[in-house]
Amino acid sequence: MTAVFANAIKYREEFFSVMRKYHFLIALFVVALDRVTKIAISRRLSLHDSIPVIPGFFRIIHAENPGAAFAFLQILPRNGKSAC
């Protein structure tokens, strides 16, 4: 009976090892696609221009957010930013 469990555990570890590789490749593809689309939009559209994809429902707009995740650091004095 222990041989059956050992085989099941081995199969499970191999399965999850393969799945981790697929998940990593999918994440890498999504990040690369995100970067490519951002570069394409910034080169083809001027700031605040838009392209209607589905008229009246969905459009692509060129907007920028330089603060993003660390916008809260903008209130710190210049020497305080280096400490973070």
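The values are calculated or read from the model by the stated rules, or taken from the named source; none is laboratory data. On a predicted model such as this, the values are computed, not experimentally measured, just so you know. Counting neighbours? That spans all protein chains shown, and the Cβs are built from the backbone with ideal geometry, glycine included.
Restricting attention to region 46-67, the residues that are assigned to a strand (DSSP E or B) and either at pLDDT below 90 or under 17 Å from ARG35 (Cα atoms) (or both) total 2. In region 16-34, the residue that is nearest to the chain's Cα centre (by Cα) out of those that are among the hydrophobic types (A, V, I, L, M, F, W, C) and more than 30 Å from ILE60 (Cβ to Cβ) is MET19.
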